[in-house]
Amino acid sequence: MCGIVGYIGKQVAIPILVDGLKKLEYRGYDSAGVAVLDCEKIVVSKSVGKLVALEEELGQAYSQSCIGIGHTRWATHGRPSQVNAHPHCDCKQDFVVVHNGIIENYLELKDMLIEKGHKFASETDTEVLAHLLEDYYEGDFEGAVRKVLKTIRGSYAMVVLRRLDPNKLVAARKDSPMVVGLGDGEFFVASDITAILNYTRKVYILDDGEMVVITEDGVKVSDFEGNSRTKEVYDVKWDAVAAEKGGYEHFMLKEIHEQPKALKDTMLGRLEEDKVILQEVDLTLEELAQINKVYIVACGTAWHAGLVGKTLIERWAHLPVEVDIASEFRYRSPLVDKHTLVVVVSQSGETADTLAALREAKNRGARVVAVTNVVGSTVSREAHDVIFTWAGPEIAVASTKAYTTQLEGMVLLGLYLAQVKGTLPTEKIGEIITALKRIPAQVQELLDQAGLIEELAKSFAKVENTFFIGRSLDWAVAMEGSLKLKEISYIHAEAYAAGELKHGTLALITENTPVIALATQRDVYEKTISNVKEVKARDAKVIGLTYAGNTSMAKSVDHVIYIPETMDELSPILTVIPLQLLSYYVSVARGCDVDKPRNLAKSVTVE
Ligand code: M6R
């Protein structure tokens, strides 16, 4: 879950490495470092904290070397510290390594190396790689790297420099993303395309088990055995400025405001008047007839999208659905076989647990459909079918446009399954499609009321505990609302099925515990209002969310936010918008780091 970048060419490397690391900071940001080759010497600079600290450390008089590697870290093995920050060297400072992932057998390797006299400086698993290279080197740089790759177990993307090979970068990947950027007489390597987009749009996306040797003359890709591999050049179409803040104070606010477009893009070319076209999903009626169960597997926000997907698929396609947290899925021998459709949801397409669940499901014979936002991601390449969400790069750690487009992906999948199975009349599909097409404009309507939410957020600045309640689909959205508030404002927030409060949680409600009550689902509206009354009777201040035109909620709560009129099943895409805005403005009011909340990283590529 860290960020890696490497450069070889004719320009001074350090500014390019630092620029790349800035784009990768969302992958982890507790420390950072760079290493360059200068006059047959490896020069390493590191610092704890965000990249500004590294920039200060480097100052103006940095090395003018044209080859180097860099890293931004999110600690796994060893606490965040200067000594644990990457890059890491061997005893003789002959090799220097940056690494993303985990070397599972590092302790036994470390013991073996210490026995042989190697001296370790850090607590990291990564340092083992540098010492192994030192130990294995017998006059052949690539050969030593290959031997290391055969010795280690785990997940990694790594880049290595050797002091006496001043024109070469060697990189490899297994279970961790990595791309190679192809410039004009210069080359880049990075864990994410965003890091190198300022310099090139032509990239190789490395596959698991590939190693790459980069010199000024070109790029050679091979497998770990040394058999050469031919790669296709992937031409990146999206714009570098799309990944910048575009005038907003924070990426999160920009991404919240991008939702109408993201939602429109995601439905583009997929909706006819009363038919859904999902070209990327190729399930025939015969194949679907064999499916008797659906599993939706994901983490965090993506899991919350899956909870909504469950109701939609069960309601529309009449298939039983289980929703599982990816880190739990494969450790309880799930009842998955060739009659199961497994849907994995992942914005990044690189989340380690989701990927592991995908592989487990495939091993058990299941058909796997991925819903992901990143073309070329590992999830997108390993699933049988892929529904891409077209949200564009999401940089803020807190997911917003990824979530609403994932919800849209669930709507599309639910409708598609119902359509193939014939469980919904064509007119009903047409009605849902008409309502879905109105959603982007309705999201905009809610965004236009951001000022009101900003006002409301002020009363949350000093709050320490809060509850989100709702029933049915509202409960699923409540979970996402509470996660948003927790992760960026550090307020303790819990989501409860509204009917469950009186079984224990009601004891926590006081006048100092504001409650956010979601009541957009018409079939359970009256029941939800009874639960709202229970918390009001305990003096809680209540903010209610309900559908436009419903005048009754105002009588039971302190403040009402109206959600534009739509079908109950589509309401989650709208209901979450005020909750995202509330979290954002509360976070700002509390002076928190909105885009990079403490202890978190955007892409979780370790289990
Ligand atoms: O990239 P993924 O969708 O697989 O990420 C899964 C979670 O880590 C992610 O949804 C996380 O919960 C959100 N960023 C929180 O806002």
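Could you work out the mean projected area of the convex hull around the alpha carbons of the stretch 266-318, in square nanometres to one decimal?
Value for the stretch 266-318: 4.7 nm².
Just give me a number: lysine pairs in the stretch 513-607, eight or more positions apart or cross-chain, with C-alpha atoms less than 23 Å apart.
Number of lysine pairs found: 7.
Given all pairs of different Cα atoms, what value in angstroms does the Kirkwood hydrodynamic radius of the stretch 99-149 take?
11.3
Would you calculate the separation in nanometres between label points at Asn465 and Glu526, each defined as 7 Å from the Cα along the Cα-to-beta-carbon direction?
3.3
Could you compute the FRET efficiency for Tyr490 and Asn227, with r as their C-beta to C-beta distance and R0 at 60 Å, rounded to 0.05?
Calculated value: 0.75.
When the accessible area of the stretch 429-505 is computed with all protein chains present and a 1.4 Å probe, what percentage of it is carbon and sulfur?
53
Which peptide among 47-56, 294-303 comes first, and what is the full order, when sorted by highest mean count of other Cβ atoms within 10 Å?
Final packing ranking: 294-303, 47-56.
Would you calculate the volume per residue, in Å³, of the smallest convex hull containing every Cα atom of the stretch 496-536?
Here the figure is 61 Å³ per residue.
With each pseudo-label sitting 7 Å past Cα toward Cβ, what's the Arg438-Asn363 distance in nm, one decimal?
A separation of 4.8 nm, rounded to one decimal place.
Is there a pair in Lys168/Lys220; Lys401/Lys484; Lys261/Lys310; Lys275/Lys401; Lys338/Lys362 whose C-alpha atoms are over 18 Å apart, and which pairs would that be?
Pairs exceeding the cut-off: Lys261/Lys310; Lys275/Lys401.
Principal axis lengths of the stretch 348-408 from Cα atoms, whole Å, largest first?
The principal-axis extents, from largest down, are 34, 20, 19 Å.
Show me 368-376, 532-540, 492-500 ranked by packing, highest mean number of other Cβ atoms within 10 Å first.
368-376, 492-500, 532-540
Rounded to whole Å and sorted largest first, list the principal axis extents of the Cα atoms in the stretch 1-135.
Principal-axis extents of the Cα atoms in the stretch 1-135, largest first: 41, 32, 21 Å.
How high is the relative contact order of the chain, in percent, counting Cα pairs under 8 Å that sit 6 or more residues apart?
Normalised by residue count, the contact order of the chain is 12 percent.
Taking 25 °C and 0.890 mPa s as the conditions, I'd like the Stokes-Einstein D for the stretch 83-239 in µm²/s, using the Kirkwood hydrodynamic radius from alpha carbon pairs.
This corresponds to a translational diffusion coefficient of 154 µm²/s.
Any chance you could count the Lys pairs in the stretch 2-130 whose alpha carbons are under 17 Å apart, treating pairs 8 or more apart or on different chains as valid?
Number of lysine pairs found: 8.
Relative to the present Cα-Cα distance, how much length would full extension add between Asn198 and Leu268 at 0.36 nm per residue of separation?
22.4 nm
Over all distinct Cα pairs, what is the inverse of the mean 1/r for the stretch 155-296, reported as the Kirkwood hydrodynamic radius in Å?
That comes to 18.8 Å for the stretch 155-296.
Where the Cα atoms of the stretch 483-607 are projected onto their three principal axes, how long is each span, largest first, in whole Å?
Over the stretch 483-607, Cα extents along the principal axes are 43, 35, 31 Å.
Using only the alpha-carbon atoms, how far is helix 13-24 inclined from the longest principal axis of the chain? Give it as 0 to 90 degrees, nearest 10.
Relative to the chain, helix 13-24 is tipped by roughly 20 degrees.
Compute the projected area of the convex hull of the Cα atoms of the stretch 559-607, averaged over all viewing directions, and report it in nm² to one decimal place.
Projected over every direction and averaged, the Cα hull of the stretch 559-607 covers 5.7 nm².
How are the Cα pair distances of the stretch 152-232 distributed, in percent, across 10 Å bins from 0?
Values per bin, smallest distances first: 19, 54, 26, 1.
Express the relative contact order of the stretch 506-578 as a whole percentage, based on alpha carbon pairs under 8 Å and six or more residues apart in sequence.
30
When ligands, DNA and RNA are left out and all protein chains stay put, how many square angstrom of accessible area per residue does the stretch 110-152 have with a 1.4 Å probe?
45
Given +1 on the Cβ of Lys and Arg, -1 on the Cβ of Asp and Glu, and no further charges, what dipole in debye does the chain carry about its Cα centre, rounded to the nearest 20?
720
Of the listed peptides 423-429, 98-104, what is their order by residue-averaged count of other C-beta atoms within 10 Å, with the highest listed first?
Peptide ranking by packing, descending: 98-104, 423-429.
Given R₀ = 60 Å, what would the calculated FRET efficiency be for Asp184 paired with Glu427, taking r from the Cβ atoms and rounding to 0.05?
According to the calculation, E is roughly 0.60.
Would you kindly work out the equivalent ellipsoid of the chain from its C-alpha gyration tensor and give its semi-axes, the square roots of five times the eigenvalues, largest first in whole Å?
Values for the chain, descending: 45, 27, 22 Å.
May I have the pair-distance distribution P(r) for the stretch 450-538, computed from all Cα-Cα distances with 10 Å bins from 0 and rounded to whole percent?
Spelled out per bin, shortest first, that is 18, 49, 31, 2.
Just check the stretch 68-108 against the gyration tensor rule for me: Cα atoms, a ≥ b ≥ c as the square roots of the eigenvalues, rounded for a/c under 1.5, and otherwise prolate or oblate depending on whether a/b exceeds b/c.
Judged from the Cα gyration tensor, the stretch 68-108 comes out oblate (a/c at least 1.5, b/c at or above a/b).
For a test of the definition: using alpha carbon positions, the gyration tensor, and the 1.5 limit on a/c, classify the stretch 449-494 as rounded, prolate or oblate.
oblate
Volume per residue, Å³, of the convex hull around the alpha-carbon atoms of the stretch 34-104?
Per residue, the Cα convex hull of the stretch 34-104 comes to 96 Å³.
In a solvent-free Debye calculation with one equal scatterer on each Cα, what is log10 I(q)/I(0) for the stretch 227-328 at q = 0.10 Å⁻¹, listed in the order of the q values?
-0.52
For the pair Asp140 and Glu115, what calculated FRET efficiency results from E = 1/(1 + (r/R0)^6), where r is the Cβ-Cβ distance and R0 = 41 Å, to the nearest 0.05?
With R0 = 41 Å, the Cβ-Cβ based efficiency is 0.95.
How much of the accessible area of the stretch 1-101, probe 1.4 Å, is carbon plus sulfur, in whole percent?
About 52 percent, which is the carbon plus sulfur part of the accessible surface.
Any number yet on Rg/Rh for the stretch 252-401, C-alpha, Kirkwood?
Using only Cα positions, Rg/Rh for the stretch 252-401 is 0.96.
On C-alpha positions alone, give me the angle between the axis of helix 300-317 and the longest principal axis of the chain, in degrees, nearest 10.
Rounded to the nearest ten degrees, it is 50.
Shape call for the stretch 150-195 from the C-alpha gyration tensor, a ≥ b ≥ c root eigenvalues: rounded (a/c under 1.5), prolate (a/b greater than b/c) or oblate?
Oblate is the answer for the stretch 150-195, as a/c is 1.5 or above yet b/c matches or exceeds a/b.
Bin width 5 Å, alpha-carbon pairs only: give the P(r) of the stretch 394-458 as whole percents, running from 0 to the bin holding the largest distance.
Pairs per bin, as whole percents: 4, 13, 17, 18, 17, 12, 9, 6, 3, 1.
The values are calculated or read from the model by the stated rules, or taken from the named source; none is laboratory data. All values reported here derive from a predicted model rather than from experimental measurement. Cβ: placed from backbone, ideal geometry, glycine included. Neighbour counts: every protein chain shown. Ligands, DNA and RNA are stripped out before the accessible areas are found, and what is left, the full protein with its side chains, is counted by its heavy atoms. Shrake-Rupley method; radii C 1.70, N 1.55, O 1.52, S 1.80 Å.
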